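Contents: one structure, followed by commentary.
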Amino acid sequence: MKRKLNFYFFGDIGEYDKYNPEFVCSREYTSEILYLIAQNAPFTISSFEIARFLNIKEEVVVNIINNLELINAVEVKDNTYMVKFPVFLEEDVVEMEHYVHNVGETIGKKIIDMKDMIYEKVSHLRCFKYHSYERILYHIICNEIFDGTAFEFFTERNTFCASKLQPGNRDYIIVGYEDSKLVEKHNNKILCSSNNYRSCGFTFNSFGDSNGLRKDMFRFFRLTQKSIGSASPFDAVNILYNKALDRINKKIAYECGTLICNIIENDITYSQLSDKEKNIVQFLKELEYISIKDDENIILVNIPVFYDFELSTIIKELSDSILVNIFPIVKEIFDNFEINASTLTPVKHKVDIKETANEVWHQIFGSTNEYLVKEGFVATPSNIDGQGRYLRSLTIAEI
């Protein structure tokens with residue numbers, strides 16, 4: 001079995017077109033080709049050698065390389081290659097463990113010590129009437145702060161890079177991990193993965209680990225678009241159809257968000273809905289954002305619904321307090337990382353150390369989230385077979 005990479009994308013990857021890294025990296029043989037380039041020293045493996053190793057035609061390799069070059073994922077020199085984004089192989093993951101060992105407990109204890117102040121802040125949220133401290137803090141601390149405001153906070157302090165302008169007017173960072181059981185044990189099962197689907201002021205979020213295929217708005221729409229990417233041999237038609245599908249998906253998400261807002265604000269029942277609204281409710285029910293008590297004709301919203309006008313203030317206040325408190329611990333880890341990371345694959349491939357350090361922060365806050373879950377300070381997401389652990393929420397920018 002040929003070795004390959006799994007990919008993660010942080011930031012705005014844009015429409016599902018030729019500049020979309022998920023679209024490019026999902027094409028056949030791309031994962032295996034990038035693994036071979038990363039595994040070798042920069043500019044030491046050619047398209048001929050890659051084609052021979054994978055037992056495919058050299059023109060297939062060249063075409064894939066051209067697509068990767070278009071999104072700035074590889075650099076080409078004399079028909080040899082270098083990766084231009086952080087790739088972590090098995091030996092890298094083992095080494096990175098040394099930098100984050102026990103840090104989750106250290107940071108987690110500092111946060112729990114701030115419990116009274118944190119509880120007081122979130123008790124003012126409207127959704128606090130329907131959800132526990134633990135459920136609300138799961139979304140605010142584990143996701144909104146650690147996987148949100150922390151990036152701006154640490155970027156301002158030159159700790160790591162949280163943004164990278166890319167071709168096609170995008171802003172994202174690609175991270176690749178070797179597809180192996182060892183890497184899965186260290187990486188896929190920690191709580192550090194945020195999915196967001198945004199449309200016209202509504203953000204459908206799920207936050208959890210990467211150990212499976214979630215049933216959420218983001219993954220469902222991406223899966224349908226990914227299937228269209230190989231639906232026909234006519235790539236240009238597939239891409240144009242996906243652009244049209246983007247607009248349709250945004251409209252569906254907007255209608256879903258509007259209906260959830262209407263259910264909460266007006267306490268409407270299932271029988272009061274139009275046929276079109278009932279179809280939307282059934283869609284939301286299948287994705288488990290809502291449930292219906294058939295015997296009572298009542299629609300229940302199963303997820304915390306945050307309103308941005310109140311949430312943004314609370315997140316900023318909590319973020320400032322929490323991140324300032326843990327900054328000395330985090331800075332020491334990153335200072336040590338920058339001095340001693342010379343053997344890591346992305347460093348060998350001359351990837352910016354600040355970009356590579358971005359992934360170290362994911363490991364840090366992921367292990368901290370695990371500690372907060374273990375201590376019961378935040379909610380515990382149940383493990384769903386084939387989907388992993390995650391919890392959903394919705395944020396509304398305007399009402």
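The values are calculated or read from the model by the stated rules, or taken from the named source; none is laboratory data. Source: prediction; values computed, not measured. Virtual Cβ from ideal backbone geometry, glycine too; neighbours counted across all protein chains shown.
A few remarks follow.
- Considering (1) closer than 25 Å to residue 242 by Cβ; (2) without any contact (Cβ under 8 Å) to a residue 60 or more places away in the chain; (3) polar (S, T, N, Q); (4) touching a strand residue (DSSP E or B) at 6+ places or on another chain (Cβ under 7 Å), the lone condition that residue 44 does not fulfil carries the number (1).
- Hits in region 204-248 - residues which are hydrophobic (A, V, I, L, M, F, W, C), farther than 23 Å from residue 258 by Cα and touching a strand residue (DSSP E or B) at 6+ places or on another chain (Cβ under 9 Å): 213
- Scanning region 346-362 for residues that are in contact with a Cys (Cβ under 8 Å, 6 or more places away or on another chain) and not in a helix (DSSP H, G or I) turns up just one, 352.
- Of all residues making up region 80-89, the number that are over 21 Å from the mean Cα position of the chain (by Cα) and not in a strand (DSSP E or B): 0
- Some residue of region 314-328 being of a type in the set (A, V, I, L, M) and under 26 Å from residue 267 (Cα atoms): no
- A single entry from 249, 262, 211 fulfils the requirement of being touching a helix residue (DSSP H, G or I) at 6+ places or on another chain (Cβ under 7 Å), polar (S, T, N, Q), part of a helix (DSSP H, G or I) and within 30 Å of residue 300 (Cα to Cα): 249.
- Residue match in region 195-208 (condition: buried (at least 22 other Cβ atoms within 10 Å of the Cβ) and in contact with a His (Cβ under 8 Å, 6 or more places away or on another chain)): yes
- Within region 296-326, if we keep just the residues that are part of a helix (DSSP H, G or I), at pLDDT 95 or above and touching a Lys or Arg at 6+ places or on another chain (Cβ under 7 Å), the residue that is nearest to residue 130 (Cα to Cα) turns out to be 314.
- Within region 146-168, tally of residues that are surrounded by fewer than 24 Cβ atoms within 10 Å (Cβ to Cβ), under 14 Å from the mean Cα position of the chain (by Cα) and part of a helix (DSSP H, G or I): 3
Listed here are the residues, each with its yes/no results for (1) in a helix (DSSP H, G or I); (2) within 15 Å of residue 346 (Cβ to Cβ); (3) within 25 Å of the chain's Cα centre (by Cα); (4) touching a residue at least 60 places away in the same chain (Cβ under 8 Å).
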| site | (1), (2), (3), (4) |
| --- | --- |
| 60 | yes, no, no, no |
| 67 | yes, no, yes, no |
| 92 | yes, yes, yes, yes |
| 99 | yes, yes, yes, yes |
| 107 | yes, no, yes, yes |
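- Qualifying residue in region 77-88 (condition: in contact with a Lys or Arg (Cβ under 9 Å, 6 or more places away or on another chain), surrounded by fewer than 21 Cβ atoms within 10 Å (Cβ to Cβ), within 26 Å of residue 235 (Cα to Cα) and without any contact (Cβ under 8 Å) to a residue 40 or more places away in the chain): no
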